[in-house]
Amino acid sequence: MKLAVIGSGYVGLVSGTCFAEMGNDVICVDNNPEKLKKLKSAEVPIYEPGLDILFYRNIAKQRLSFTDDLKKAVLDSEIILLCLPTPQGEDGSADLKYVFGIAEDIAKILVENPEHEFKIIVNKSTVPVGTCGAVTEIMKKHNLKEFEVVSNPEFLREGYAVEDFMKPDRIVIGASSEKAMNRMKSLYYPFTSHGSMIIEMNPESSEVTKYAANSYLAMRITFMNELANFCEEVGANVDLVRKGMGSDTRIGKRFLYAGIGYGGSCFPKDVNALIKTSKEKGSEMKILTTVDEVNKNQKLILVKKIVKHFGEDLKGMKFAVWGLAFKPNTDDMREAPSVVIIQELLKRGATVRAYDPEAMENAKFYLQDKIDYVDDQYEVVKDADALLVLTEWNEFNNSDLDQVKELLKTPVIFDGRNVFNRRKTKEKGFTHYSIGKTPIIAK
Ligand SMILES: NC(=O)c1ccc[n+]([C@@H]2O[C@H](COP(=O)([O-])OP(=O)(O)OC[C@H]3O[C@@H](n4cnc5c(N)ncnc54)[C@H](O)[C@@H]3O)[C@@H](O)[C@H]2O)c1
């Protein structure tokens with residue numbers, strides 16, 4: 001099949017590459033000149049494990065190419081997938097200017113080329129219910145007939161994006177006609193060989209499904225974070241409670257890890273967008289307003305512990321940070337709790353030095369030169385008053401704690417991701433604050 005992917009970011013680039021891997025001809029469009037330059041010179045512009053191999057292979061096989069020529073991409077393709085940003089607008093709703101802007105551009109291209117074949121315009125961006133309908137109206141306004149707008153939300157996780165795309169739990173397709181549904185099923189058929197289900201529905205249900213999934217996951221994390229704070233007050237250990245409750249098959253084990261709040265490019269904005277749409281439609285989802293509020297507070301939980309330990313005035317104090325990305329295995333810094341925490345420390349007069357295996361370049365956009373970026377996990381700890389762990393990268397788990405203790409000015413750890421074994425830190429004489437457990441205070 002001939003496909004155009006509009007927007008070559010985390011979703012677009014991974015989708016385009018994986019579709020190419022299945023033998024489709026894929027042309028990816030992007031309007032960011034810097035990104036396009038990298039893509040055209042066969043450089044992967046994001047960190048996503050496993051993407052590079054498929055990327056190079058499909059470029060070499062000439063099944064994957066990159067352009068800023070929207071017209072050529074649209075006219076040459078049967079299926080046009082929109083993988084555009086839908087960031088949070090000022091009022092909390094999803095800002096649809098990229099999606100509607102491109103819909104207008106596509107409409108004009110098709111009007112100028114009336115002989116065009118039937119086009120399926122697929123919305124993979126996360127968009128509020130009714131957006132497929134709104135894009136359809138844009139096309140109709142230009143008197144176009146040979147098209148259908150389909151909803152096909154993306155569920156990949158950054159850090160596991162290739163694996164998730166190649167072996168999805170499920171594929172949700174919201175289409176209005178059998179013709180479009182069948183073409184979409186053909187497109188995704190190769191991805192069902194591992195038992196993945198294609199779930200067919202109307203576009204509205206499909207649009208709601210994506211928000212429902214993300215908001216539910218955000219709510220689950222938030223529940224655990226509040227529970228963790230409660231556990232600390234009553235001498236319980238949230239990890240043991242998690243095991244105890246998660247082994248109930250009705251609950252399940254995944255997505256129950258307490259921490260310093262969810263971030264990333266999806267959960268925060270998607271929760272807010274669903275709050276906004278549900279209010280607008282007169283069926284407010286009040287639970288999500290609480291989820292968002294609790295999550296914002298949770299991002300400050302480590303700062304509260306630091307202030308309790310060292311006092312409100314942190315002037316002259318030095319903090320070492322391990323992990324900046326909003327989660328491990330990605331270089332994505334969008335809505336990362338680390339930014340909020342570091343800014344609070346800086347506000348109180350502290351200095352911060354940070355190490356992250358992949359996200360330091362992107363972190364500079366958010367923190368500029370307000371902190372020092374250090375390339376080495378141990379070097380960064382030198383002479384610091386405490387170590388903060390803000391992302392649970394694997395490499396932090398079995399770190400050399402003897403070295404950390406020797407390098408730190410005082411052996412204090414604020415473990416926002418519960419990566420350290422408390423028995424070990426206790427043995428080594430650390431003061432160890434974690435999430436959802438009573439702190440270990442070295443005598
Ligand atoms: N990142 C994720 O993990 C993830 C997962 C599932 C769904 N989503 C959703 O997918 C959508 C895209 O997310 P993303 O993380 O890939 O965003 P992104 O910001 O990484 O990528 C978007 C790309 O679109 C490009 N772009 C913007 N305007 C354009 C235009 N007019 N023409 C061509 N290209 C244009 C940008 O340059 C950028 O490269 C969002 O709606 C998001 O909510 C994201």
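The values are calculated or read from the model by the stated rules, or taken from the named source; none is laboratory data. Owing to the predicted nature of the structure, the values given are computational and were not obtained by experimental measurement. Every residue, glycine among them, receives a Cβ derived from its backbone with ideal geometry; neighbour counts consider all protein chains shown. Just so you know, the surface numbers come from the protein's heavy atoms only, side chains and all, with ligands and any DNA or RNA stripped out. Shrake-Rupley method; radii C 1.70, N 1.55, O 1.52, S 1.80 Å.
Annotations for the structure displayed:
- Put simply, of Leu64, Leu54 the only residue that is surrounded by fewer than 24 Cβ atoms within 10 Å (Cβ to Cβ) and more than 10 Å from the ligand (Cβ to nearest atom) is Leu54.
- Some residue of the range 106-121 being more than 10 Å from the ligand (Cβ to nearest atom), within 19 Å of the chain's Cα centre (by Cα) and among the β-branched types (Val, Ile, Thr): no
- Considering residues of the range 108-160 that are open to solvent by less than 10 Å² (accessible area, probe 1.4 Å) and of a type in the set (D, E, K, R) only, the residue nearest to Thr17 (Cα to Cα): Lys124
- Tyr98 passes every criterion in (1) without any contact (Cβ under 8 Å) to a residue 60 or more places away in the chain; (2) open to solvent by 70 Å² or more (accessible area, probe 1.4 Å) apart from (1).
- Helices (runs of 4 or more DSSP H) wholly inside the range 123-229 containing at least 1 residues that are within 22 Å of Leu54 (Cα to Cα) and in contact with a helix residue (DSSP H, G or I) (Cβ under 9 Å, 6 or more places away or on another chain): 161-166, 178-188
- Against the test of being touching a residue at least 60 places away in the same chain (Cβ under 8 Å), small (Gly, Ala, Ser), touching a helix residue (DSSP H, G or I) at 6+ places or on another chain (Cβ under 7 Å) and closer than 24 Å to Val381 by Cβ, the options Ala336, Ala320, Ala258, Ala273 yield a single qualifying residue, Ala320.
- Residue count for the range 432-443, restricted to those that are open to solvent by less than 10 Å² (accessible area, probe 1.4 Å) and hydroxyl-bearing (Ser, Thr, Tyr): 1
- Pick from the range 282-297, criterion open to solvent by 90 Å² or more (accessible area, probe 1.4 Å) and free of Cβ contacts under 8 Å to residues at least 60 places away in the same chain, ranking: farthest from Ser434 (Cα to Cα): Lys286
- Filter result for Arg250 (away from the ligand (no atom under 16 Å from the Cβ) and closer than 19 Å to Pro328 by Cα): no
- Residue within the range 378-391 that is over 20 Å from Phe430 (Cα atoms) and among the aromatic types (Phe, Trp, Tyr) present: no
- Flag if Gly261 is farther than 18 Å from Pro87 by Cα and buried (at least 22 other Cβ atoms within 10 Å of the Cβ): yes
Quick grid of which residues meet (1) farther than 30 Å from Ile275 by Cβ; (2) within 16 Å of the ligand (Cβ to nearest atom); (3) aromatic (Phe, Trp, Tyr):
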site	(1), (2), (3)
Val149	no, yes, no
Glu178	yes, no, no
Arg183	yes, no, no
Pro190	yes, no, no
Met201	no, no, no
Lys210	no, yes, no
Phe230	no, no, yes
Asp239	yes, no, no
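- Close pairs (9 angstrom Cβ cut-off, 6 or more residues apart or separate chains): in contact (Cβ under 8 Å) with a residue 40 or more places away in the chain in the range 37-59, assigned to a helix (DSSP H, G or I) and surrounded by fewer than 17 Cβ atoms within 10 Å (Cβ to Cβ) anywhere: Pro49/Glu163; Gly50/Glu163
- Flag for Lys428 being charged (D, E, K, R) and in contact (Cβ under 8 Å) with a residue 60 or more places away in the chain: no
- Single residue of the range 1-16 satisfying the filter (part of a helix (DSSP H, G or I) and more than 22 Å from Ala180 (Cα to Cα)) that is most open to solvent (accessible area, probe 1.4 Å): Tyr10
- Looking across the range 298-317 at every residue that is surrounded by 14 or more Cβ atoms within 10 Å (Cβ to Cβ) and not aliphatic (A, V, I, L, M), the one that is farthest from Tyr378 (Cα to Cα) is identified as Gln298.
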